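J.: Questions regarding the structure given below will be posed in turn.
Quick note: the coordinates plus some simple rules give every number you see, no bench work behind them. The model shown is predicted, which means the values in this text are computed figures rather than measured ones. Counting neighbours? That spans all protein chains shown, and the Cβs are built from the backbone with ideal geometry, glycine included.
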Amino acid sequence: MVLSMDRWVGKVAIVTGASSGIGEAIAERLAEQGMKVVGVARRKDRLDALAQKTSGKKGKLYPMQGDVSKEGDILKVFKWTRDNLGPVHVLVNNAGVGCKSAIEDGKTEDWLQTININVVALCMGMREALKDMKEHNIDGHIFNINSIAGHYVLNYPRIEIYTATKHAVTALTESMRKQMAVQISKVRFTSISPGLTDTEMIEDAKKLNLIKDTSPVLYPEDIADAVEYALSTPPHVQVHEIMIRPTGDAL
């Protein structure tokens, strides 16, 4: 199998949650590989800094402020992308949040926010990307950044809602793979499920004593490697699920 990113050079990608962590690493990597990358996040200053950092690369990063919990913002991102760059070829649904509210004493608004961002926003992104891909006959690729918590229940307190949303991501990605097969579509779907990764979310977990400072971790660049690998496989190869753990992880 020959691995190559050549067919994606000059093509359009949208990456959500691109202002830090995994999303930032993926957006930077795709720009380095020659793609036109729309980086979406609420923190515009962080996106502007990333655009400056990647200036002079083979591709280009376009910073766009947006809150994926708002449908209007998602629609605005896709419309701007279509009008200014063309239809999307690659979508990376990376934006996500944890949830500190447990079932027994949690706040409904916290649960709804987590479900809205981790599940509903992901679905809206897939819907809009598929519209472009179908209308323009694009054999695109959609990535859903998942978690090992999307495959089994971790023995951590107060992450019931988060775990449920990540199980939903697993089910949705598999469902869409089968839908595309029924429709004889060549749009590929990949769920990437990292273990503990050195991001802002892990810092919150440390503050809550859910994990230790000495726990083995992955780095955002490791997840960007996985995205690049899946994209670089030939069109007839669908890498549907990648689970990544840090060496020494006993979870």
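J.: Output the peptides 166-173, 96-103, 67-74, 186-193 sorted from most to least packed, where packing is the average of other Cβ atoms within 10 Å over each peptide's residues.
T.: 186-193, 166-173, 96-103, 67-74
J.: To the nearest 10 degrees, how steeply does helix 160-182 sit against the main Cα axis of the chain, on a 0 to 90 scale?
T.: 30
J.: List the residues whose amide H sits under 5 Å from the amide H of Gly66, counting only those 5 or more places along or on another chain, with H placed 1.01 Å from N in the peptide plane.
T.: Ala41, Arg42
J.: For Leu61, list long-range residues whose amide hydrogen, built 1.01 Å from N in the peptide plane, is under 5 Å from its own amide hydrogen.
T.: Val37
J.: Compute the separation of the alpha-carbon centres of the range 135-196 and the range 18-51 and state it in Å as a whole number.
T.: After rounding, the separation between the Cα centres reads 21 Å.
J.: Continuing with this model, one more query. Taking the chain as the reference, fit the longest principal axis to its C-alpha atoms, fit the long axis of helix 71-84 to the helix C-alpha atoms, and give the angle between the two in degrees, 0 to 90, nearest 10.
T.: Long axis of 71-84 versus the principal axis of the chain: about 30 degrees.
J.: Only helical DSSP H runs with n ≥ 4 go in: add -39500 (n - 2.57) per run for the chain, normalise by residue count and round the 222 nm mean residue ellipticity to 500 deg cm²/dmol.
T.: Taken over the chain, the calculation gives -13000 deg cm²/dmol.
J.: Nearest 10 degrees, 0 to 90: what angle lies between the long axis of helix 21-32 and the longest principal axis of the chain (Cα atoms)?
T.: 20
J.: If you rank Asp249, Asp132 by fewest surrounding Cβ atoms within 10 Å, what's the result?
T.: Asp249, Asp132
J.: Rounded to the nearest 0.05, what FRET efficiency do Ser4 and Gln179 have when you use their Cβ-Cβ distance and R0 = 35 Å?
T.: Efficiency, rounded to the nearest 0.05: 0.80.
J.: Specify whether the C-alpha gyration tensor of the chain places it in the rounded, prolate or oblate class, a ≥ b ≥ c being the square roots of the eigenvalues: rounded for a/c under 1.5, otherwise prolate if a/b is larger than b/c and oblate if not.
T.: It comes out rounded by the Cα gyration axes.
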